[in-house]
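The values are calculated or read from the model by the stated rules, or taken from the named source; none is laboratory data. These numbers come from a predicted model, not from an experiment. Cβ sites come from the backbone with ideal geometry, for glycine too, and all protein chains shown count toward neighbours. Accessible surface areas use protein heavy atoms only, side chains included; no ligands, DNA or RNA. Shrake-Rupley method; radii C 1.70, N 1.55, O 1.52, S 1.80 Å.
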Amino acid sequence: MATETLVSVEEYFELLHKSDVKLEYNAGEIVAMAGAQPPHNIIASNINYRLMECLLKKGCILFNSDQLIKVEGCEKYTFPDLVIVCEKPVYEKSPQGLDALLNPEIIVEVLSESTESYDRTTKFDCYKTIDSFREYVLVSSKKKRIEVHKKLNDAEWLSRVYTDKDEIIKVDECELLLENIYYAVEFA
C-alpha cells in the first residue's frame, strides 16, 4: 500500500525558494510547471504588450507568469500566465521572499494540451473562491479562440467566446485586436 506524503505550506515555500523551476502548491501536493511551447509564449507576450497601454490609463498593474497568487479557498498557490489588479495589490509575505498576491481581479491563462482541462474546471472553480476575482480569460494556443468569463454575482458568470470571425476582443474595458493577440503564431 502506497502512502502519500503531503507537504506543508512552509515546506513548499522552502522548496520553491531553492527550485530552478516554478512549483505550484495544491493542498499539500507540489506540481512542477513545465516550460511552454512557442505559441503559448508568443500569445502571452502579445497579450501583455497589447493590454499594457490600456491598463496604464486605468491605473492597473499587469503581472506576468512569475507572480505567485494564493487561492486560500482551495489551499493553492499558482502561477497564472497573466494577472491584472486595478486596486492596491495585497500580498501574503513569505519568509523566503516570494510574496503571493491575494487579490487578483483578472486572470489570463493560455491553454496548453496538458493543462486545458484543469484550467477550465478545477482551477476556475478555485479562482472563483477569491473575492476580488471578476474575470477569467482562456486563450487557445491551437486556434484563434478566446473565452472571456465575467462575474455577474457570486453565483453567475457571463461567458463570451471570440473566434476568428471576431475582430475585437474585450478584456475588462480594454479592446484588443484578435490578429494582434495571435501575431506571429503558427498553428500546427
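Contact annotation: residue pairs with Cβ atoms under 6 Å, 6 or more positions apart or on different chains, pairing a residue in segment 1-30 that is open to solvent by less than 60 Å² (accessible area, probe 1.4 Å) with a partner that is at pLDDT 95 or above and of a type in the set (S, T, N, Q), are Glu24/Thr78. Taking each residue of segment 69-84 that is under 12 Å from Ala100 (Cβ atoms) and looking for partners that are part of a loop (DSSP other than H, G, I, E, B) and of a type in the set (Lys, Arg) with beta-carbon atoms closer than 6 Å, six or more apart or interchain, yields Phe79/Lys22. Pick from Asp125, Asp164: which is open to solvent by 80 Å² or more (accessible area, probe 1.4 Å), at pLDDT below 95 and either acidic (Asp, Glu) or within 13 Å of the chain's Cα centre (by Cα) (or both)? That would be Asp164, the only listed residue that is open to solvent by 80 Å² or more (accessible area, probe 1.4 Å), at pLDDT below 95 and either acidic (Asp, Glu) or within 13 Å of the chain's Cα centre (by Cα) (or both).
Within segment 37-57, is there a residue that is surrounded by 19 or more Cβ atoms within 10 Å (Cβ to Cβ) and assigned to a loop (DSSP other than H, G, I, E, B)? No, the conditions are met nowhere in segment 37-57. The residues listed here are Val110, Val139, Val148; of these, the one that is surrounded by 14 or more Cβ atoms within 10 Å (Cβ to Cβ), among the hydrophobic types (A, V, I, L, M, F, W, C), in contact with a His (Cβ under 7 Å, 6 or more places away or on another chain) and under 22 Å from Gln67 (Cβ atoms) is Val110. Looking only at segment 129-145, which residues are assigned to a loop (DSSP other than H, G, I, E, B), over 22 Å from Ala184 (Cβ atoms) and touching a helix residue (DSSP H, G or I) at 6+ places or on another chain (Cβ under 8 Å)? Across segment 129-145, the qualifying residues are Thr129, Ile130, Phe133. A search for C-beta distances below 7 Å between a residue of segment 106-117 that is on the phi < 0 side of the Ramachandran plot and polar (S, T, N, Q) and any residue that is open to solvent by 40 Å² or more (accessible area, probe 1.4 Å) and not in a strand (DSSP E or B), counting only pairs 6+ apart in sequence or on different chains, returns Ser112/Ala36; Ser112/Gln37.
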